[in-house]
Amino acid sequence: MKAIRLKLYQNMVNYKKPTSFQLKETYPLPPYSTVIGMIHNLCGFEEYKEMNVSIQGKYFSKVNDLYTRYEFKNGMKYQEKRHQLKVSGYGVGRGVSTAELLVDVKLLIHIIPKDERYIDYIYNSLETPREYPSLGRREDLAIINEVKIVELAEKELEQDIILPENNVAYIPSSMYEDENIVIGGTNNSINSGTKYKINKNYELINHGSKKNPKVFRKWNKIDVIYSSRIIAPEWETVLVDEDNNIVFSA
């Protein structure tokens, strides 16, 4: 099985949690949907191409930053005492809010398209991107330090593979339930990580009628544990790339 391996660096970035508003909180790693969106944008795909993704990495610290927030209610007319901006007769509120940012982010990402015919196309699109790569917000630039086609294989390990210190990963539930991965050093306790339901892809569902459609996204969410101190023990069979990096495919 082939995959595209990416090594990215980002100076400051926000991978927004969908439920955060006043303080724009960030996930500690980019969600699957964010990575898949970046790949589709750089490749110019106009429809979803099925793919699995593995995400691991680390960051140095967190800071809070101010940003200008614009708010409006659908159909609300401009009111001088309420709104700061008037746009075509409608009112828009403008204020200051706070965003949480990760600093000095380094990511190791594996892209595994279901159809291997896209391997070379995705590789070339990342090797010579048609525009600046960004991951997170539009302004969160991503520096591609490596893009490489690698071979993946299910491998029975002859010795432990230990993620480097401070490196973290999204571990799909199937991997820790099968006990292929030890989380939290030698304690093997799932309490050593944080559980998330991470968006991956979506389908459009019409909750209205054919004449009056009301279309919403229904997200496919992946249960993961986010953790550091990750070990793939010897004798376990684990998906790895040709350089013995664990692949947390989801």
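The values are calculated or read from the model by the stated rules, or taken from the named source; none is laboratory data. Everything quoted here is computed from the prediction, not taken from an experiment. Note that we place each Cβ from the backbone using ideal geometry, even for glycine, and neighbour counts take in every protein chain shown. SASA here: full protein model, heavy atoms, side chains in, ligands and nucleic acids out. Shrake-Rupley method; radii C 1.70, N 1.55, O 1.52, S 1.80 Å.
Quick notes on this structure:
- Pairs, first of a type in the set (S, T, N, Q) in region 162-185, second open to solvent by less than 30 Å² (accessible area, probe 1.4 Å) and in a strand (DSSP E or B), C-beta under 7 Å, six or more apart: Asn167/Gln56; Asn167/Gly57; Ser173/Val224; Asn180/Ala232; Asn180/Val238
- Of all residues making up region 1-52, the number that are in a strand (DSSP E or B), hydrophobic (A, V, I, L, M, F, W, C) and modelled with pLDDT under 95: 1
- Any hit, region 31-42, residues being open to solvent by 20 Å² or more (accessible area, probe 1.4 Å) and of a type in the set (Phe, Trp, Tyr): no
- Of note, Asn11 satisfies the criterion of being touching a residue at least 24 places away in the same chain (Cβ under 8 Å), open to solvent by 70 Å² or more (accessible area, probe 1.4 Å) and not charged (D, E, K, R).
- Of the listed requirements (1) within 22 Å of Thr34 (Cα to Cα); (2) open to solvent by less than 70 Å² (accessible area, probe 1.4 Å); (3) modelled with pLDDT of 95 or more, Val240 misses just one: (1).
- Any hit, region 100-111, residues being crowded, with 20+ Cβ neighbours inside 10 Å and farther than 24 Å from Asp243 by Cα: yes
- Of the residues Lys77, Lys73, Lys62, Lys49, the single one that is open to solvent by less than 60 Å² (accessible area, probe 1.4 Å) and among the charged types (D, E, K, R) is Lys49.
- Residues (surrounded by 14 or more Cβ atoms within 10 Å (Cβ to Cβ) and aliphatic (A, V, I, L, M)) located in region 132-146: Leu135, Leu141, Ala142, Ile144
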